[in-house]
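Here the structure comes first, spelled out in structure tokens, and everything after it is commentary.
The values are calculated or read from the model by the stated rules, or taken from the named source; none is laboratory data. Computed from a predicted model, the values in this text were never measured in an experiment. Cβ coordinates were reconstructed from backbone atoms using ideal geometry, including for glycine residues, and neighbour counts include every protein chain displayed.
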Amino acid sequence: MKKFIFLLLIISSCAPSRFVEPLKKGQHAVALDVGGPLIEFGGLVIPTPMSSISYGYGIDSTKTIYGGIHTTSLFFGNFQGDVGATFKLFNQDKYIPSISISPAINFIKRPDVKGNVWPAVDLNFYWNYGERKNYFYAGATNWFEPEATRVHGESTLKRFIFNPQVGHTTKFGKWQLQTELKFLAPGTDNEYLFVPYRSVFGNDGATGLYINLIKTF
Amino acid sequence: MMRNFIWIIVLVALFGCARLDDIAFVNDNTIEAYLYDNWDEDPEFFMPEGEYDVADSMIHELVLPSQGPNDDEPFNIRAIYIGNINNVNTDSIIVYCHGQSLHMDAYWPRAKLLAHCGGEHRYGILEMDYRGFGLSEGNPTEEGMYEDVRTCLRWLKENGANNNRVFIYGYSLGTAPATEMAAYFDEFKPRKLILEAPFASAENLGQESTLINFDTKYMADLDFSNAEKIKDVSQPLLLLHGEVDDYLKISNGEIVFKNYDGVFGEFVRVPYANHSGEMGIPPAMGLDEYNKTIHEFLKR
């Protein structure tokens, strides 16, 4: 049953941090990202092929609003997406990083299912460097499960899921390439889970790998 | 550029009807015949050579037309009856619903083992390949699988079997039709239910894997809700689950057992047992101990 079951993961852990660094005032951006948690499939360890496209707009140099649509999920007839905003809280001072925070709402709906909403907050520290202002970042995506009970009346497994991450964004003119490594749900034993996750920490959580191509205009 | 993205979204949404229902079935329908002991791929587990053998004369291949209300035409499904086929009307019979893999040859060691439960041919064994498995026609579906097991129970009924001497046993995926029959097949309801390594439901598997309250209906129309259907089972239940099952976590069995409210329930947690293979439940328990556990439950 594990065959292709990894696509269940479409719902969560399906995108990298969006707009770690806010856009410039009045700037638009469109992004396409692919990737997801690493799983064992056919004897290989591969990232799950999730994809989404997103749009962002810079209200000013410290505030960006964005929304994303999860395209892989669309193939299954679901309207899944996320909307949020990135706020820059602190400007970089030499080696002291800039800090941004991104509250967001993740949602999914299909006609025959009541739908779900999951709030999330990303917190990132990032360091710009060089002429192009490329940047490294480190932070965490934090998911919240609003419902206390789940199927069969069981208690919700986790109300809060902490996913630390590291990444890098390279800028090429109006293009940006973001790569991210995310450590999904550390502290969760993956040995007895139905989905064959793989983690750089063995049986601890899962490791996600994402690539995001951004075009600004 | 933005207009192109919007068109892509609209087109994908319009044609977004992909479903993952097939994921439940890892069937193989390319074989030309059942080979039993001569099948040369890895079986469910290896049996000691020369033990638990079944004479060819006791293996009876059946072709049964199976047609449910949603089927336009019947599908010929294949089943085997192990035992004296002339004694179906007087024998005690275990109906064995196998797991998701390949076809009956993969589960032949189990069929042989059960044929020695309580002594050689103490029980007749009826096993079937669901549609799309082995030589059975059609493609596997959840409802089709239920219909195919109903067809086998009807065959027993038509051949004079007494449902008070018929016991249904489901392993892994096969726990779904076994539970469905025990709960709802009033036409010929088996007397007892055995579940080995059951899952609670497709939804529970999704939620345990994603950690969020995820509804599998987003991706598939599969239900397989043993945890809800077991509430309608009143017959005695024996549930076996490996404590280190890394495929269907033992919490699945615990949820199913917690929801059972019938006349007698026994939950055997098997130490060191995994889901299948050489550390599956029968080898982990010891083959004789496994058979003894099954027999004790059936005869009580």
Exercise. Mind checking whether some residue in segment B:14-22 is modelled with pLDDT under 55, surrounded by 11 or more Cβ atoms within 10 Å (Cβ to Cβ) and of a type outside the set (D, E)?
Worked result: yes
For this session: Give the residues of segment B:219-235 that are crowded, with 24+ Cβ neighbours inside 10 Å and either at the interface with chain A (Cβ under 7 Å from one of its Cβ atoms) or touching a strand residue (DSSP E or B) at 6+ places or on another chain (Cβ under 8 Å) (or both), sorted by residue number.
Result: B:M219, B:N226, B:A227, B:I230, B:V233
For this session: Would you tally the residues in segment A:128-158 being facing chain B (nearest Cβ under 10 Å) and in a loop (DSSP other than H, G, I, E, B)?
Result: 9
Exercise. Out of the residues in segment B:261-279 that are in contact with a strand residue (DSSP E or B) (Cβ under 7 Å, 6 or more places away or on another chain) and of a type outside the set (A, V, I, L, M, F, W, C), which is farthest from B:I230 (Cα to Cα)?
Worked result: B:N274
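So that you can scan it fast, the table gives a plain yes or no per residue for (1) closer than 12 Å to B:D129 by Cα; (2) not in a strand (DSSP E or B):
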position: B:T30; (1), (2): no, yes
position: B:D42; (1), (2): no, yes
position: B:F45; (1), (2): no, yes
position: B:E49; (1), (2): no, yes
position: B:L64; (1), (2): yes, no
position: B:D71; (1), (2): no, yes
position: B:N89; (1), (2): no, yes
position: B:A106; (1), (2): yes, yes
For this session: Examine segment B:250-267 for a residue that is surrounded by 22 or more Cβ atoms within 10 Å (Cβ to Cβ), more than 10 Å from chain A (Cβ to nearest Cβ) and aliphatic (A, V, I, L, M), and state whether such a residue exists.
Result: no
Seminar exercise, completed: Residues of segment B:273-300 being assigned to a loop (DSSP other than H, G, I, E, B) and free of Cβ contacts under 8 Å to residues at least 40 places away in the same chain, in sequence order, are B:A273, B:N274, B:G286
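Just give me the residues in segment B:25-47 being of a type in the set (S, T, N, Q) and within 23 Å of B:G138 (Cβ to Cβ), in sequence order. I'd like the intermediate steps shown before the answer.
Residues of segment B:25-47 that are of a type in the set (S, T, N, Q), as a first pass: B:27, B:29-30, B:38.
Listed by number, the residues that qualify are B:N27, B:N29, B:T30.
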Problem set entry | Set B:L195, B:L173, B:L238, B:L205: member being crowded, with 22+ Cβ neighbours inside 10 Å, facing another protein chain (nearest Cβ under 10 Å), touching a residue at least 24 places away in the same chain (Cβ under 8 Å) and within 15 Å of the chain's Cα centre (by Cα) | B:L173
